[in-house]
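Enquirer: Right, I'll just put the structure down here and ask away after.
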Amino acid sequence: MKLYYSPGACSLADHIALEWTGQPYEAVAASREVRKSPEFLALNPAGAVPVLEQDGWVLTQNTAILNYIAATSPEAGLAGDGTLRSRAEVDRWLAFVNSDMHPAFKPLFGTTAYLGDAAMIEKTKDAARTQLRTLFERVDAQLGKHDWIAGSTRSIADPYLYVVTRWARAQGIDLAGLGNLERHFRQMEADPGVQAALKQEGLA
């Protein structure tokens, strides 16, 4: 498998998941310029990462890639413990991070710059910070009941949560008092697979 990534982007979650499976893979950095090239746009017309390529087949969309990685290495247990409810919990929290948390960062990453009004743009950022604090509080409550976000074992939802937590720390989101989230972050940081992915992406 070949994973196209950008350092620190949501593709880091896929990079970590691949490390956790232990299967061979190739990681290819895709800069902003590369993502605008005709060659890359042929892989993903959105010009975005992650992109996973295997034997001429191309897969896009982060949750699809994470689920595929988990399915190709069931022995790694990244999609739950094998029961339907465990799998549903993984899907629940993967969807929460992908659909609720990830999009909430968009104003902080400049998507409201088109407004052309500094005060209005800052207002959208303040609203994003408030929303993200609420979302991280929900995650903290869940982690207060479990070692990992979807239960007692790590899953494909954990690397994605780790990525958005990295973003939150970089953007100065108020995470004060969220001790369970901090524990999860430190747990991820200490993981050899996470360390390997960070090193490859120049983030260690």
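Since every read-out is calculated from the coordinates, none of them should be taken as a lab result. Just so it is clear, the structure is predicted and the values come from calculations on it, not from any experiment. FYI the Cβ positions are ideal-geometry reconstructions off the backbone, even for glycines, and counts take in every protein chain you see.
Enquirer: Post the alpha-carbon centroid distance, the stretch 25-42 to the stretch 126-178, in whole angstrom.
Expert: 29
Enquirer: Among 182-192, 112-122, how do they line up from the highest to the lowest mean number of other beta-carbon atoms within 10 Å?
Expert: 182-192, 112-122
Enquirer: Output the antiparallel fraction of DSSP beta bridges having both residues in the chain, as a percent to the nearest 5.
Expert: The antiparallel fraction comes to roughly 60 percent.
Enquirer: To check my understanding: the extent here is largest minus smallest coordinate of the Cα atoms along each principal axis. What are those three numbers for the chain, in Å, largest first?
Expert: Answer, in whole Å and largest first: 49, 47, 31 Å.
Enquirer: Can I ask one more? Would you list which lysines come within 21 Å of Lys106, measuring only between C-alpha atoms, while excluding same-chain residues fewer than 8 positions from it?
Expert: In chain and number order, the partners are Lys36, Lys123, Lys125.
Enquirer: I would also like to ask the following. Over 22 Å, how big is the tail of the calculated P(r) for the stretch 84-191, in percent of all Cα pairs?
Expert: Taking all Cα-Cα pairs of the stretch 84-191, the fraction more than 22 Å apart is 32 percent.
Enquirer: Could you tell me which of Ala70, Ala9, Ala113 has its Cα farthest along the dipole of the chain towards the positive end, charges placed at Cβ (Lys, Arg +1; Asp, Glu -1), taken about the Cα centre?
Expert: Highest projection toward the positive end goes to Ala113.
Enquirer: Where in the stretch 1-43 are there trypsin sites (Lys or Arg not before Pro) that are in a DSSP coil and have at most 13 other Cβ atoms within 10 angstrom of their Cβ?
Expert: Working: sites: Lys2, Arg32, Arg35, Lys36; in loops: Lys36.
In loop regions of the stretch 1-43 (DSSP not H, G, I, E or B), the sparsely surrounded trypsin sites (Lys or Arg not before Pro) are Lys36.
Enquirer: Bin width 10 Å, alpha-carbon pairs only: give the P(r) of the stretch 110-157 as whole percents, running from 0 to the bin holding the largest distance.
Expert: That works out to 25, 29, 21, 20, 5, in percent per bin.
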